[in-house]
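The block underneath contains the structure these notes are about, expressed in structure tokens.
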Amino acid sequence: MRYYLLIFAFVISTTVHADADNGLSVYRDNCLACHMYDRRGVSGMAPTLLNSPWIIGSDELLAGYLLTGGFGPQVLMARFDYLTNEDLRDLIEYLRLEEGLDTTINTEQIQQIRMRYQGEGLYD
């Protein structure tokens, strides 16, 4: 019985870390140029992500923000509506874990948010 529990615990552990690892990869491919490796941003161009109200706020608002490129014309961020629901979930997980926070958002919720904000991006 212990053998099976050990395998089950290993599978759960590696699955959780695989999402965060993919989130880091998504961050490097899509966010790094503006927000830098340390997430401090570029002064006068891209704000810091450290203690950002968007990162430490709700998963749902963060997903909407990422999908639309921000809420309002004063925000000049690229929209990330081309990311898959899985990649977006993993990015949110990575960003929140870096702040020491949990996330519970799943791909179904991201799809619902995607549908809600479709056509509401800065450039639409």
What are the ³J(HN,Hα) values, in whole Hz, obtained from phi via the Karplus relation 6.51 cos²θ - 1.76 cosθ + 1.60 with θ = phi - 60°, for each residue of the range 49-64 in sequence order, with x given for Gly and Pro?
-> 9, 6, 6, 5, x, 6, 6, 8, x, 6, 4, 5, 5, 4, 4, x
Sorted by average packing, counted as other Cβ atoms within 10 angstrom per residue and highest first, what order do 71-84, 23-36, 88-101 take?
-> 88-101, 23-36, 71-84
Got a sec? How would ASP21, ASP59 order by Cβ neighbour count within 10 Å, fewest to most?
-> ASP21, ASP59
Per the Debye formula with a single identical scatterer at each Cα and no solvent contribution, what log10 I(q)/I(0) holds for the range 2-117 at q = 0.12, 0.19 Å⁻¹?
-> -0.44, -1.00
Can you sort ILE113, ILE105 so the residue with the fewest Cβ neighbours within 10 Å comes first?
-> ILE105, ILE113
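All of the numbers you see were taken from the coordinates with simple rules; none came from a lab. From a predicted model like this one, the values you see are computed outputs, not experimental measurements. Cβ: placed from backbone, ideal geometry, glycine included. Neighbour counts: every protein chain shown.
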